[in-house]
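Trainee: This structure is in structure tokens; I'll ask about it shortly.
The values are calculated or read from the model by the stated rules, or taken from the named source; none is laboratory data. None of these values were measured; they are calculated from a predicted model. Cβ placement follows ideal geometry from the backbone for every residue including glycine, while neighbour counts extend to all protein chains displayed. Side chains included, ligands, DNA and RNA excluded: accessible areas come from the protein's heavy atoms. Shrake-Rupley method; radii C 1.70, N 1.55, O 1.52, S 1.80 Å.
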Amino acid sequence: MTYLLALDQGTSSSRTIVFDGAGRVVTMAQREFAQIYPKPGWVEHNPLDLWQTQLETAREALQQAKLRAEQIQAVGITNQRETTLVWNRKTGEPVYNAIVWQDRRAEDTCAALREQGHEDTVRQKTGLRIDAYFSGTKLKWILDNVPGVRAQAERGELAFGTVDTWLIWQLTGGQRHVTDFSNASRTLLFNVHSRQWDEELMALLDIPRSLMPEALPSSAPFGRMRAEWLGAPLEVGGVAGDQQSALFGQACFQAGMAKNTYGTGCFMLMHTGERFQTSENGLITTAAAQRDGTPQYALEGSVFIGGAVVQWLRDGLRAIEASSEVQALAESVPDAGGVVLVPAFTGLGAPYWQPDARGSITGITRGTTMAHIARAALESIAFQSAALLEAMSRDAVAAGGVPVRELRVDGGACVNNLLMQFQADLLGIPVVRPEVIETTALGAAYLAGLQAGVYSGTDELSAQWRAERTFQPAMPREQAQEKMAQWERAVRQSTRQ
């Protein structure tokens with residue numbers, strides 16, 4: 001049997017999944033870790049929590065599968081992107097907590113850069129907008145605000161990385177300081193055309209070059225793990241940021257294919273092949289996971305609060321005791337009763353890009369119940385995703401392509417049939433859920449498998465993809481359009497425009 005090990009380091013938990021060669025889940029281990037909220041709009045993680053929980057789940061997964069490390073053919077890593085870490089090269093000690101992708105503390109820096117007229121330069125080189133979401137301004141904040149850190153960085157004593165880089169550093173005992181193109185493309189510091197760290201962009205943010213890791217294709221020799229961790233010196237052969245990894249795991253290898261991941265946030269990517277296409281509709285361009293030096297790109301839209309709205313119902317409103325209860329509560333009413341919930345808890349991402357937006361619930365009457373709010377919370381995930389796909393299709397048509405014809409879905413919340421059906425109704429196209437919804441981890445395993453020679457190429461991976469259920473749109477288009485118009489009115493109220 002062929003076995004692949006995928007380390008999946010996410011925003012709220014670390015997971016390890018063992019796959020067989022056919023891409024089926026053999027076993028999975030998962031551990032949550034603490035979220036740290038020092039101030040409103042600030043989100044941090046303890047870097048050692050990320051490493052320890054990831055290592056513990058890897059050991060647990062092998063134990064559950066009754067496998068020895070020597071039986072693993074390849075190891076892949078996928079990770080929460082943009083989350084920013086800085087550590088000492090000699091001691092391996094972090095100089096500060098990891099600043100999470102959701103964190104908004106660098107917004108003042110971003111506003112200043114936009115006012116200085118740097119938006120177009122950044123967009124042409126990176127495909128990104130100037131936004132606190134991305135790593136570069138988080139890194140600048142650490143250098144500027146943690147005592148002594150900038151001086152250490154200028155002496156070459158520190159290393160910067162996204163979560164993949166941090167994990168590889170730990171796994172290899174500090175022997176490898178590397179990332180892949182997909183993670184590098186999320187930093188505001190990486191030129192996606194030359195696939196190099198950009199001197200002009202680093203100068204713009206005052207980032208010393210010595211901090212930066214080596215950037216490699218997503219399928220490459222990233223380093224050999226120390227045998228003490230799992231029992232054998234396994235090679236890490238695949239690395240990709242979680243959303244690019246999910247695109248790869250969904251076998252979206254051709255231009256025009258699209259997927260949406262329903263996790264803490266929602267992330268929709270449409271492959272554009274070798275064409276770097278900038279969006280006119282509020283999306284960003286990103287490097288897709290790539291096997292070699294041939295550039296691959298995707299258009300992306302990011303929803304900051306997706307499944308996290310269900311966590312808020314559980315932990316904030318105490319409306320449910322477990323996230324799994326939300327579908328039953330939402331289905332206890334026939335519709336949301338005119339209630340619209342805009343979960344702009346940390347601003348609104350694509351296609352709105354309103355960092356100052358705040359959450360709102362509109363349409364409440366005396367008859368509104370918690371069930372209506374729960375249903376509106378679920379619907380908010382689909383509304384935000386529908387706004388992304390509409391923007392994506394407009395960009396595709398403008399570039400001479402065709403609108404997205406089907407949406408492949410994955411992530412934890414895609415198991416919610418009510419949400420998936422509402423998503424298909426809003427979009428007016430089929431929503432397809434695969435047999436294996438763990439496509440984020442699967443993409444990393446596939447990338448590693450390609451590097452190790454387990455697979456001959458992407459055609460073999462495409463042949464392994466299987467649909468579990470297709471949700472066909474059932475709502476009349478006029479009704480769907482009216483619901484979207486109602487959503488957009490609620491967004492305008494949340495953004496105070």
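Trainee: For a quick check of understanding: with a 1.4 angstrom probe and all protein chains in place, what accessible area in square angstrom does Tyr446 have, to the nearest ten?
Mentor: 10 Å²
Trainee: Could you work out the percent of alpha carbon pairs in the chain separated by over 29 Å, rounded to a whole number?
Mentor: Values: 57474 of 123256 pairs.
Of all Cα-Cα pairs in the chain, 47 percent lie more than 29 Å apart.
Trainee: How do Glu56, Glu199 rank by accessible surface area computed with a 1.4 Å probe, from largest to smallest?
Mentor: On the way: Glu56 65, Glu199 115 Å².
Largest accessible area first, the list is Glu199, Glu56.
Trainee: Test of understanding: what is the full-extension gain from Gln30 to Thr121, defined as 0.36 nm times their sequence separation minus their Cα-Cα distance? Walk me through the numbers on the way to the answer.
Mentor: Details: separation 91, 0.36 × 91 = 32.76 nm, distance 4.08 nm.
Result: 28.7 nm gained on full extension.
Trainee: Given a Förster distance of 25 Å, report the FRET efficiency between Asp292 and Ala463 from their Cβ-Cβ distance, rounded to the nearest 0.05.
Mentor: 0.75
Trainee: Oh, and also: What percent of all Cα-Cα pairs in segment 170-211 falls into each 10 Å bin, going from 0 up to the bin containing the maximum distance?
Mentor: Result returned by the calculation: 27, 48, 23, 2.
Trainee: Assign unit charges at the C-beta atoms only (+1 for Lys and Arg, -1 for Asp and Glu), then state the dipole size of the chain relative to its Cα centre in Debye, rounded to the nearest 20. Spell out each step's value before the answer.
Mentor: Numbers: 45 positive and 54 negative charges, 58 e Å.
Magnitude of the dipole: close to 280 debye.
Trainee: Counting alpha carbon pairs within less than 8 Å and at least 6 residues apart, what relative contact order, in whole percent, applies to segment 301-441?
Mentor: Details: 199 pairs, mean separation 31.4, N = 141.
Once divided by the residue count of segment 301-441, the mean separation gives 22 percent.
Trainee: Oh, and also: Give the shape of segment 145-243 as rounded, prolate or oblate, defined through the alpha-carbon gyration tensor: a ≥ b ≥ c are the square roots of its eigenvalues, a/c under 1.5 means rounded, and otherwise the shape is prolate if a/b is larger than b/c and oblate if not.
Mentor: Values: a/c = 2.59, a/b = 1.38, b/c = 1.88.
Cα axes put segment 145-243 in the oblate bin.
Trainee: Going down the table (Lys90/Lys138; Lys39/Lys138; Lys39/Lys125; Lys39/Lys90; Lys90/Lys140), which pairs top 25 Å between alpha carbons? Intermediate values should be presented prior to the final figure.
Mentor: Working: Lys90/Lys138 23 Å; Lys39/Lys138 15 Å; Lys39/Lys125 32 Å; Lys39/Lys90 31 Å; Lys90/Lys140 21 Å.
Pairs exceeding the cut-off: Lys39/Lys125; Lys39/Lys90.
Trainee: Among 92-100, 485-493, what's the highest-first ranking by average C-beta atoms within 10 angstrom per residue? It would help to have the intermediate numbers written out before the result.
Mentor: Working: 92-100: 19.6, 485-493: 15.7.
So the order, starting with the most tightly packed, is 92-100, 485-493.
Trainee: To continue, here is another question. With a/c under 1.5 counting as rounded, go ahead and sort segment 1-129 into rounded, prolate or oblate using the C-alpha gyration tensor (a ≥ b ≥ c being the square roots of the eigenvalues; past the cut-off, prolate if a/b is larger than b/c, else oblate). Walk me through the numbers before you get to the answer.
Mentor: Details: a/c = 2.71, a/b = 1.90, b/c = 1.42.
It is prolate, given that a/c is not under 1.5 and a/b is the larger ratio.
Trainee: Relative contact order, percent, of segment 184-313 when contacts are C-alpha pairs under 8 Å separated by at least 6 residues?
Mentor: 19 percent
Trainee: Given the rule -39500 (n - 2.57) for each run of at least 4 DSSP H residues, summed and divided by the residues of the chain, what is its mean residue ellipticity at 222 nm, to the nearest 500 deg cm²/dmol?
Mentor: Details: 17 runs with 177 residues, N = 497.
Computed mean residue ellipticity for the chain: -10500 deg cm²/dmol.
Trainee: Based on Cα positions only, what radius of gyration and what Dmax would you give for segment 336-469, in angstroms?
Mentor: 18.4, 63
Trainee: If you don't mind, another one. How charged is the neighbourhood of Gln472? Take every other residue with its Cβ under 15 Å from the Cβ of Gln472, and add Lys/Arg as +1 and Asp/Glu as -1. Write down the numbers at each step before the final one.
Mentor: Numbers: positive: Arg405, Arg408, Arg433, Arg469, Arg477; negative: Glu406, Asp425, Glu468.
After counting each charged neighbour, the total is +2.
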